[in-house]
Amino acid sequence: MAHALTARGLIPSLIVTGQHPGLDLADHGLDPYQAVDLACAGEEDPHAHVARVSSALEPMLAHAPPDLLIVQGDTSSALGGARAAAATDVPLAHVEAGLRTRDPELPWPEEEYRTEIDARADLLFAPTDLSALNLACEHVSGRVHVTGNTGIDALYAAISGLPQRAVHDRAMRRRLLVTCHRRESWGEGIRSIAAAARELGLSGSAWVDVIVPPNKHVAGILRDLLHSCPNVSLLEPCSHRELLRRMRETDLILSDSGGMQEEAPALGVPLLVLREKTERPEGIATGNMRLVGTCEETIVAETRRLLSDPAAFAAMSRPAFPYGDGRAAQRIAAIIEEWLKARSSGSENRRLSIYPTRVIPN
């Protein structure tokens, strides 16, 4: 999105939280932009992280208020930004607005955080019609625009430079890719997911690649239950580009990731969602995703059922684009430009701050 804004003469500055130590903006094509690091490392308590981010950002906004603060990504960081904007009377835009499950516990705390951000925002960029409908039902005061999701923009940019898709002998054995990290699954949920991956590996149903996140609440359980398990490989975290390569070359994804729920349909890779509820139901409507929860028996049964049913597998493997066409950033930039013109009557030297907490190049 930074590039799309720049193309319209709206050169943004970036504010990163510091959640990911060692993050190099150059890896995401963002090194030309002025950037400030808040040095707010991720915390186990999301409420504490919101407060810390807000406290760090508020004096910066008060000292040099931008014309618009744009938040997206990690919801605890985005809410910290939204509260800081409100405290300093800085206009707020929310990218990826309107995602809802209508259950404050699933996902927690994202559901309540997103609702608060959207209630504060002046501009709300909803990725889908359903997201916009959610906002209309809440009677938000800001202006709602359906733009698609910038995550699909990022996907197109990343896969355009990937090598040709590798081919493996699917007649011999299918390959699965498993990721899990959701806070509501810490403990028994993660153990159940790991047990399902173990059963699928031990039975020889498939090759199972499990990406082990750095989170200690998840990594220890995965390593304990899956270490040395036949047909199961434990993989270290990788770049977004490498993850997309792995997704493209796998047969079936099992994941609780929100981003993967957007990317898998576009790649035409079936996805079993390891959650009880999702704020991205559009992929279920297109037939590319199924909700299976975190129960070991259900995960194993649904995986085997899909892998043994060629017609069902083929139906889930058709690419679909419920979350956008790759031009969301262009639409958002155009809307912001018009909004700023209307607000300032064409004055020069406008300042924007983009507050990405999940850095995505567009």
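Taking R0 as 25 Å, what's the FRET efficiency between Thr6 and Tyr156 from their Cβ-Cβ distance, rounded to 0.05? It would help to have the intermediate numbers written out before the result.
Details: r = 18 Å, r/R0 = 0.73.
With R0 = 25 Å, the Cβ-Cβ based efficiency is 0.85.
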Loop-only GluC sites (Glu not before Pro) in the range 26-106, please: DSSP not H, G, I, E or B, and at most 11 other Cβ atoms within 10 Å.
Glu44
Along the dipole axis of the chain (charges at Cβ: +1 for Lys and Arg, -1 for Asp and Glu; origin at the Cα centre), the most positive-end residue among His240, His145, Thr250 is Thr250
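List the equivalent ellipsoid semi-axes of the range 167-316 in whole Å, largest first, each obtained as the square root of 5λ for an eigenvalue λ of the Cα gyration tensor.
Working: eigenvalues 83, 64, 47 Å².
Taking √(5λ) for each eigenvalue gives 20, 18, 15 Å, largest first.
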Spin-label point model (7 Å from Cα, Cβ direction): what's the Ser345 to His47 distance in nm?
4.6
Would you mind computing, in nm to one decimal, how far apart the modelled labels at Leu106 and Ala301 are, each placed 7 Å from Cα along Cα→Cβ?
1.6
Report relative contact order for the chain in percent, whole number only (criteria: Cα-Cα under 8 Å, sequence separation at least 6).
23
Charge dipole (debye, nearest 20) of the chain; +1 at Cβ of Lys and Arg, -1 at Cβ of Asp and Glu
840
Per-residue ³J(HN,Hα) for the range 102-114, Karplus 6.51 cos²θ - 1.76 cosθ + 1.60, θ = phi - 60°, Hz, x for Gly and Pro:
6, 10, x, 9, 9, x, 10, x, 4, 4, 6, 5, 4
Provide the gained length on full extension for the span Val36 to Glu337, in nm with one decimal, where the gain is 0.36 nm per separating residue minus the Cα-Cα distance.
106.0 nm
Debye log10 I(q)/I(0) at q = 0.13, 0.21, 0.22 Å⁻¹ for the range 99-229, Cα point scatterers:
-0.84, -1.12, -1.15
Degrees separating the helix 328-344 axis from the principal Cα axis of the chain, which is the longest one:
20
So for the chain, taking the charge dipole from beta-carbon charges (+1 Lys/Arg, -1 Asp/Glu), which of Pro91, Ile70, Ala119 sits furthest toward the positive end?
Ile70
Between helix 240-249 and the chain: long-axis angle, C-alpha atoms, 0 to 90°, nearest 10
30
Reported to two decimal places, what Rg/Rh ratio describes the chain when computed on Cα atoms with Rh from the Kirkwood expression?
0.98
Sticking with the crude label model, points 7 Å out along Cα→Cβ, report the distance from Ala86 to Ser228 in nm, one decimal please.
5.4
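Each value in this text was obtained by applying a stated rule to the coordinates, not by laboratory testing. It should be emphasised that the depicted structure is a prediction, and the values quoted were computed from it without experimental measurement. A quick note on method: Cβ atoms are made from the backbone with ideal geometry, for glycine too, and the neighbour counts reach across all protein chains shown.
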